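Engineer: The structure under discussion is supplied below as structure tokens; questions concerning it will follow.
The values are calculated or read from the model by the stated rules, or taken from the named source; none is laboratory data. The model shown is predicted, which means the values in this text are computed figures rather than measured ones. Neighbour counts are summed over all protein chains in view; Cβ atoms, including those assigned to glycine, are modelled from backbone coordinates with ideal geometry.
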Amino acid sequence: MSAEPPTQPSRKLILFVDDDEGMRAAIYGLLSPRYHVILAVDGADGLTKAKEAPRPDLIISDIGMPLLDGIAMANQIRENETLCAIPIIFLTGQMSALRLLAEAHIGLPFTHVAKSADPIVLETKVKRALGEAA
Amino acid sequence: MLHEFLFANRAAIIARTRAKVALRAAPRATEAELESGIPLFLDQLIEALRSPNPANQAIVKSASNHGRDLLKRGFTVAQVVYDYGDVCQAVTELAAETHASITADEFHAFNGCLDDAIAQAVTEYGRSREQSITAQGTERLGDLAHELRNALGAAMLSFHTLKTGSVGLGGSTAALLDRSLRRLSILIDSTVTQVRLESSSVTSERVSLNQFIEEIEVVASMEANARGLALSVAPVPASIEVMVDRELLAGAITNLIQNALKFTRTGGRVSIKTTAANGRVRIDVEDECGGLGPGKAEGLFRPFEQRATDRTGLGLGLSISRRSVEAIGGHIGVRDVPGVGCVFTVELPHA
């Protein structure tokens, strides 16, 4: 009997939610070499895609979006049994969003990164959220 | 006593005040306004005049509310002042007609109360208005910051990806960086233009359109090539000149060309023609977007109308362009060419 080939560790799945086309393309370009990336165009779309199998290992999301914003989406994810433990990184373009986050009391685990921050910061937080060595 | 007189004739005073208000040419006060505002003021005035040391706190507070209320209903400062003035006149007339025995001191106190009320109402009106304007400004600034950070974020992320060396400079990541930087540039230009328009800092100089259009063509043809589109710029006679703010005109024409390139189907053509006739100069920017459909043309200039798929930007471009052109003494219009595209026309007086 021949030995089974060693299984490759499957790539982690990241869901990115943002209504801006440029940001979606940029995040896809940054992360897709190392991870499997799925894109959503607003909070409602993000919720739908989060519920589809396979479950994302990490969700990165903008806050200010039409239809359903990032915080409302995160709250609904927290209330979902299968999804509530998924870490969330908020990518914010407005400083006022930080105040909203502070007031929102979203369940753990989550963190935030400014869109204008050095991309290294986002990469580091992604690795940490996925339990990888930074 | 004045307060007894006011109390006894309350209904008559209110009726007379309403009659005076009805005669005003400016927006008519509604029944609701007269229901709450003037009667309330009158009642507090009676209270204030009754007590030996009239404290005007209650009047001041109700006058504050009255001023805020009038702002919400869309009235002007003049209306606020006239309201109280009409009450005063109604009272004085009625007192004279009925030969009421009211002392000079009492009229003095009455006028004092009115002065307080007017001052307070107008101050509150002004304060509420400033607050509302500031809130609008803050909201717009927040939206602008968000757009700028999206464009900047996309630029930084794509450059970061390029630096890793895993993708080449000829691919989609580099194109995204390019697009994002251009978007930043447009956002910044449009913000500066808006600030200039709002602060009315419009200059005027003699501009030769020949050279002006040539400069714009250089950048526009690069953009057209990048999108796989053709750009035709008809030669401009050297004699065509206008007296305008150069930066505002450049911004408006550039915006029209950007739109034309954005909405023209791949492989299509954008054309720019400059002509002069009867003391007017026309700059036509024609695209091949396929046509707008009936009745859609004028709606384009409203802020936040956006066509089809490419929704980057704040949707303000065309409305800013129109304001810019009007600020330099011109006119901007659009014509639909069914099945083909649109022609945007900027018309200016010949210098």
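Engineer: Have a look at B:S180, B:S185, B:S190 and point out the one that is small (G, A, S) and touching a residue at least 60 places away in the same chain (Cβ under 8 Å).
Structural biologist: B:S190
Engineer: Give the residues of the range A:62-76 that are of a type in the set (A, V, I, L, M) and within 14 Å of chain B (Cβ to nearest Cβ), sorted by residue number.
Structural biologist: Answer for the range A:62-76, where residues must be of a type in the set (A, V, I, L, M) and within 14 Å of chain B (Cβ to nearest Cβ): A:I63, A:M65.
Engineer: Also, I was wondering about something else. Just give me the residues in the range B:246-256 being touching a strand residue (DSSP E or B) at 6+ places or on another chain (Cβ under 8 Å) and either buried (at least 20 other Cβ atoms within 10 Å of the Cβ) or at pLDDT 95 or above (or both), in sequence order.
Structural biologist: Of everything in the range B:246-256, those that are touching a strand residue (DSSP E or B) at 6+ places or on another chain (Cβ under 8 Å) and either buried (at least 20 other Cβ atoms within 10 Å of the Cβ) or at pLDDT 95 or above (or both) turn out to be B:L249, B:A252, B:I253, B:L256.
Engineer: How many residues does the range B:250-298 contain that are free of Cβ contacts under 8 Å to residues at least 24 places away in the same chain and more than 17 Å from B:P237 (Cβ to Cβ)?
Structural biologist: Residues flagged as free of Cβ contacts under 8 Å to residues at least 24 places away in the same chain and more than 17 Å from B:P237 (Cβ to Cβ) within the range B:250-298 amount to 1.
Engineer: Suppose we filter the range B:167-187 for residues that are in a helix (DSSP H, G or I) and under 18 Å from B:M222 (Cα atoms); how many remain?
Structural biologist: Total meeting the criteria: 14.
Engineer: Only one residue in B:S221, B:S190 is in contact with a strand residue (DSSP E or B) (Cβ under 8 Å, 6 or more places away or on another chain) and of a type outside the set (F, W, Y), so which one is that?
Structural biologist: Numbers: B:S190 fails: in contact with a strand residue (DSSP E or B) (Cβ under 8 Å, 6 or more places away or on another chain).
Of the residues listed, the single one that is in contact with a strand residue (DSSP E or B) (Cβ under 8 Å, 6 or more places away or on another chain) and of a type outside the set (F, W, Y) is B:S221.
Engineer: Output the number of residues of the range B:188-211 satisfying the condition of being over 23 Å from the mean Cα position of the chain (by Cα) and part of a helix (DSSP H, G or I).
Structural biologist: 3
Engineer: Where residues in the range A:19-40 are at pLDDT below 95 and part of a loop (DSSP other than H, G, I, E, B), which of them is surrounded by the most Cβ atoms within 10 Å (Cβ to Cβ)?
Structural biologist: A:D20
Engineer: Answer yes or no as to whether B:E223 is at negative phi, surrounded by 17 or more Cβ atoms within 10 Å (Cβ to Cβ), at pLDDT below 90 and assigned to a helix (DSSP H, G or I).
Structural biologist: For B:E223, the condition - at negative phi, surrounded by 17 or more Cβ atoms within 10 Å (Cβ to Cβ), at pLDDT below 90 and assigned to a helix (DSSP H, G or I) - is met.
Engineer: If I ask for residues that are surrounded by fewer than 16 Cβ atoms within 10 Å (Cβ to Cβ), within 9 Å of chain A (Cβ to nearest Cβ) and either in a loop (DSSP other than H, G, I, E, B) or among the polar types (S, T, N, Q) (or both), which ones from the range B:139-166 would you list?
Structural biologist: Correct list: B:T164, B:S166.
Engineer: Quick check on B:A230: is it touching a helix residue (DSSP H, G or I) at 6+ places or on another chain (Cβ under 8 Å), at pLDDT 85 or above, over 28 Å from B:E326 (Cβ atoms) and more than 14 Å from chain A (Cβ to nearest Cβ)? Steps first, please.
Structural biologist: On the way: touching a helix residue (DSSP H, G or I) at 6+ places or on another chain (Cβ under 8 Å): yes; at pLDDT 85 or above: yes; over 28 Å from B:E326 (Cβ atoms): yes; more than 14 Å from chain A (Cβ to nearest Cβ): yes.
Against the criterion (touching a helix residue (DSSP H, G or I) at 6+ places or on another chain (Cβ under 8 Å), at pLDDT 85 or above, over 28 Å from B:E326 (Cβ atoms) and more than 14 Å from chain A (Cβ to nearest Cβ)), B:A230 qualifies.
Engineer: Looking at the range A:105-134 only, could you name the residues that are surrounded by 13 or more Cβ atoms within 10 Å (Cβ to Cβ), within 23 Å of A:K49 (Cα to Cα) and hydrophobic (A, V, I, L, M, F, W, C)?
Structural biologist: Result: A:I106, A:F110, A:V113, A:L122, A:V126, A:A129, A:L130.
Engineer: For the range A:77-95, state whether one or more residues are farther than 26 Å from B:E147 by Cα and either assigned to a helix (DSSP H, G or I) or within 14 Å of chain B (Cβ to nearest Cβ) (or both).
Structural biologist: Scanning the range A:77-95, I find at least one residue that is farther than 26 Å from B:E147 by Cα and either assigned to a helix (DSSP H, G or I) or within 14 Å of chain B (Cβ to nearest Cβ) (or both), so the answer is yes.
Engineer: Can you spot a residue in the range B:235-249 that is closer than 30 Å to B:S172 by Cα, aliphatic (A, V, I, L, M) and in contact (Cβ under 8 Å) with a residue 40 or more places away in the chain?
Structural biologist: no
Engineer: Enumerate the pairs (first residue in the range A:105-122 and within 13 Å of chain B (Cβ to nearest Cβ); second residue anywhere and at pLDDT 85 or above and loosely packed, with under 13 Cβ neighbours inside 10 Å) with beta-carbon separation below 9 Å, excluding pairs fewer than 6 apart on the same chain, so at least 6 apart or on different chains.
Structural biologist: Once the first residue is within 13 Å of chain B (Cβ to nearest Cβ) and sits in the range A:105-122, its partners that are at pLDDT 85 or above and loosely packed, with under 13 Cβ neighbours inside 10 Å give A:V113/A:V121; A:A114/A:V121.
Engineer: Can you pull out the residues in the range B:182-198 that are crowded, with 16+ Cβ neighbours inside 10 Å and of a type in the set (A, V, I, L, M, F, W, C)?
Structural biologist: Correct list: B:L184, B:I186, B:L187, B:L197.
Engineer: I want to confirm something. Restricting to the range B:257-282 and keeping residues that are farther than 23 Å from B:R227 by Cα and of a type in the set (A, V, I, L, M), which single residue is surrounded by the fewest Cβ atoms within 10 Å (Cβ to Cβ)?
Structural biologist: Only one residue tops the list, namely B:A277.
Engineer: Let me ask another. Kindly indicate whether B:A90 is out of contact with any Phe, Trp or Tyr (no Cβ under 6 Å at 6 or more places or on another chain), assigned to a helix (DSSP H, G or I) and either without any contact (Cβ under 8 Å) to a residue 60 or more places away in the chain or of a type in the set (K, R) (or both). Full working, then the answer.
Structural biologist: Numbers: out of contact with any Phe, Trp or Tyr (no Cβ under 6 Å at 6 or more places or on another chain): yes; assigned to a helix (DSSP H, G or I): yes; either without any contact (Cβ under 8 Å) to a residue 60 or more places away in the chain or of a type in the set (K, R) (or both): no.
Here the answer is no, as B:A90 does not meet what is asked.
Engineer: Which of the numbered conditions does B:A174 fail, given that it passes all the others? Conditions: (1) facing chain A (nearest Cβ under 8 Å); (2) at pLDDT 90 or above.
Structural biologist: With respect to (1) facing chain A (nearest Cβ under 8 Å); (2) at pLDDT 90 or above, B:A174 is out only on (1).
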